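Comments concern the structure below.
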Amino acid sequence: MSFRSKALWQGAGRAATFFGFSVGVVLLLLWLAGKFAPKVPMDVAAEPLPTPPSDHRAVPARLVRLPVAESAVGSIRAVHETSIGAKLLARVVEVNLKAGQPVKEGDVLIRLDDTDLRARLQQAKAAVAAAEAAKTQALADEKRFTDLAKRNAVSQQEAEKAVTAARAAEAEVVRLQETVKEVQAMLDWATIRSPIDGIVIDKKVDVGDMVTPGQVLVTLFDPKRMQLVASVRESLAHRLQVGQSLDVRVEGINKQCQGMISEIVPEAQSASRTFQVKVTGPCPEGVYTGMFGRILIPLEEELVLVVPRHAVRKVGQLELVDVIENGQSVRRAVRTGRSLGDEVEILSGLREGELVLLPDASTQS
């Protein structure tokens with residue numbers, strides 16, 4: 001055998017060996033992957049599909065009518081809110097309040113320095129006493145001169161002077177008595193009392209401050225009656241009227257209550273084209289002025305597809321229900337919406353009338 005023939009023979013052998021090795025590796029990989037054995041055992045594959053449970057555990061998806069409402073945002077305000085101001089130029093000597101403190105009508109909140117007013121009151125009372133004495137003397141002179149004039153012991157002119165003096169003394173007593181009342185009223189202004197049962201919103205002064213007439217000292221509000229002042233766009237304002245009941249939602253405390261429209265300001269705000277609507281009514285505890293809220297304005301009704309809440313199961317991010325199709329139970333993915341009591345809104349994945357299976361009590365637990 002020539003050298004060339006021997007080389008060709010050796011190359012062919014190596015190629016055959018490599019081909020045989022490659023075929024063996026591929027067959028081994030296919031065997032490991034289970035290509036030569038059925039993936040599902042014949043006894044399992046032969047089992048029938050699961051049949052749906054009895055009819056009493058299946059309920060149809062149904063359509064319900066729900067009212068459609070649009071919200072308008074606003075702020076909580078007190079129906080009765082009062083700011084108490086000073087009527088005197090005086091120094092604060094006592095403060096008996098703090099923000100958030102409940103107070104009763106007549107409680108002393110602030111005291112101002114009233115030393116000079118008390119002195120003026122005593123002076124006014126002394127002047128009244130002196131005028132009373134002068135009045136008594138003038139009345140006695142009037143009686144005496146009147147008797148003397150009847151006997152012609154004095155002239156008629158002197159008798160008339162005595163009568164005039166008596167009238168002037170009486171008028172002076174009345175004037176000084178009114179002065180006493182005026183000073184007493186000013187003295188009462190030095191003691192600031194609560195005009196209502198309410199809660200302190202804020203105090204503006206402290207002990208030692210000098211206050212001036214008209215300066216606000218404290219602000220109070222009545223927590224028993226609150227109102228939501230909302231801005232409603234003009235396209236919705238025509239649906240509302242005074243006396244109408246509306247639902248009010250206070251977002252801060254996650255509570256909802258019902259109120260009544262007490263006032264609609266008959267003027268639109270030029271910047272936003274909205275009307276100011278005030279809704280009043282009893283509200284739950286924890287509602288304070290300035291809180292954010294919404295009024296729910298009813299519109300038309302809408303049809304919503306619902307199923308029992310416990311018929312929907314969550315698996316990871318999926319929401320699944322078991323539906324009866326052709327007598328068999330089929331698992332289907334759905335998308336839910338609002339919770340409506342014991343039911344839940346179905347946005348997609350079901351049609352009206354399709355039977356949805358309810359899980360067993362043991363499955364729910």
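Taking every pair of distinct Cα atoms and averaging 1/r, then inverting, what Kirkwood hydrodynamic radius in Å comes out for the stretch 260-365?
Values: mean 1/r = 0.0548 Å⁻¹.
One over the average 1/r among Cα pairs gives 18.2 Å for the stretch 260-365.
Counting only heavy atoms of protein chains, what accessible area per residue, in Å², does the stretch 157-237 have with a probe of 1.4 Å? Please report the intermediate quantities before stating the final value.
Details: 4190 Å² over 81 residues.
On a per-residue basis, the stretch 157-237 sits at 52 Å².
Suppose accessible area is computed on protein heavy atoms with a 1.4 Å probe; arrange 342, 247, 188 from highest to lowest.
Working: 342 130, 247 60, 188 85 Å².
Listed by decreasing accessible area, they come as 342, 188, 247.
For the stretch 172-183, just list the computed ³J(HN,Hα) in residue order, Karplus coefficients 6.51, -1.76 and 1.60, θ = phi - 60°, integers in Hz, with x standing in for Gly and Pro.
5, 5, 4, 4, 6, 5, 5, 5, 4, 5, 5, 5
In the stretch 81-195, carbon and sulfur make up what percent of the accessible area (probe 1.4 Å)?
On the way: 3670 of 7070 Å².
Carbon with sulfur: 52 percent of the solvent-accessible area.
Rounded to the nearest Å, what's the spacing between the alpha carbon centres of the stretch 79-99 and the stretch 298-365? Just the number, please.
61
Given a 1.4 angstrom probe, what's the average accessible area per residue across the stretch 277-365, in square angstrom? All intermediate terms of the calculation are to be shown ahead of the outcome.
Details: 5100 Å² over 89 residues.
That works out to 57 Å² per residue.
Amide H neighbours of residue 191 under 5 Å, counting only residues 5+ apart in sequence or on other chains, H built in-plane at 1.01 Å?
Distant-sequence amide H within range of residue 191: 112.
Taking the alpha-carbon distance from residue 314 and a cut-off under 30 Å, which lysines remain once sequence neighbours fewer than 8 residues away in the same chain are dropped?
Filter leaves 39, 255.
Work out the FRET efficiency for residue 215 and residue 123 from their Cβ-Cβ distance, taking R0 = 22 Å, and round it to the nearest 0.05.
Taking R0 as 22 Å, the efficiency between residue 215 and residue 123 is 0.20.
Give me the accessible area of residue 82, 1.4 Å probe, in Å² rounded to the nearest 10.
40
Measure off 7 Å from each Cα along the Cα-to-Cβ vector at residue 285 and residue 21, then give the distance between these two points in nanometres to one decimal.
For residue 285 paired with residue 21, the spin-label model returns 8.7 nm.
Could you work out, for the stretch 233-306, what percent of all Cα-Cα pairs fall into each 10 Å distance bin, beginning at 0 Å and stopping at the bin that holds the largest distance?
17, 43, 32, 8, 0
In whole percent, and with a 1.4 Å probe on the protein chains, what portion of the accessible area of the stretch 225-278 is carbon and sulfur? Walk me through the numbers before you get to the answer.
Details: 1340 of 3130 Å².
Ligands and nucleic acids excluded, carbon and sulfur give 43 percent.
I'd like the accessible area for residue 160, computed on protein heavy atoms only with a 1.4 Å probe and all protein chains in place. Round to 10 Å², please.
We get 100 Å² for residue 160.
Which sequence of 151, 62 reflects their accessible areas, 1.4 Å probe, from the largest down? Before the final figure, lay out the partial values.
Working: 151 160, 62 110 Å².
Per-residue accessible area, sorted high to low, gives 151, 62.
Take the alpha carbon gyration tensor of the stretch 105-226, find the square roots of its eigenvalues, order them as a ≥ b ≥ c, and report rounded if a/c is under 1.5; if not, report prolate when a/b exceeds b/c, else oblate. Walk me through the intermediate numbers first.
Details: a/c = 5.58, a/b = 3.54, b/c = 1.58.
It is prolate, given that a/c is not under 1.5 and a/b is the larger ratio.
If you stretched the chain out fully between residue 82 and residue 272, how much longer would it get, using 0.36 nm times the residue separation minus the C-alpha to C-alpha distance?
In short, 65.5 nm is gained.
List residues of the stretch 204-228, by number, whose backbone nitrogen lies under 18 Å from a label position 7 Å along Cα→C-beta of residue 98.
Backbone N within reach: 204-208, 218-220.
Using 0.36 nm per residue of separation minus the Cα-Cα distance, give me the extension gain between residue 137 and residue 157 in nm, one decimal. Please report the intermediate quantities before stating the final value.
On the way: separation 20, 0.36 × 20 = 7.20 nm, distance 1.88 nm.
5.3 nm is the gain from fully extending residue 137 to residue 157.
Which lysines have a Cα less than 25 Å from the Cα of residue 150, not counting those fewer than 8 places away in the same chain?
135, 161
Around residue 271, with a cut-off of 14 angstrom between Cβ atoms, what is the net charge of the other residues, counting Lys and Arg +1 and Asp and Glu -1? Write down the numbers at each step before the final one.
Values: positive: 233, 273; negative: 234, 267.
Here the count lands on 0.
Report, ordered by chain and residue number, the lysines lying within cross-link reach of residue 203, taken as a straight Cα distance under 21 Å and ignoring same-chain residues fewer than 8 apart.
87, 98, 104, 224
The values are calculated or read from the model by the stated rules, or taken from the named source; none is laboratory data. Predicted model, so just to flag it, every value in this text is computed and none were measured. Every residue, glycine as well, gets a Cβ built from its backbone with ideal geometry; the counts of neighbours run over all protein chains shown. All accessible areas refer to the heavy atoms of the entire protein, side chains included, with ligands and DNA or RNA removed. Shrake-Rupley method; radii C 1.70, N 1.55, O 1.52, S 1.80 Å.
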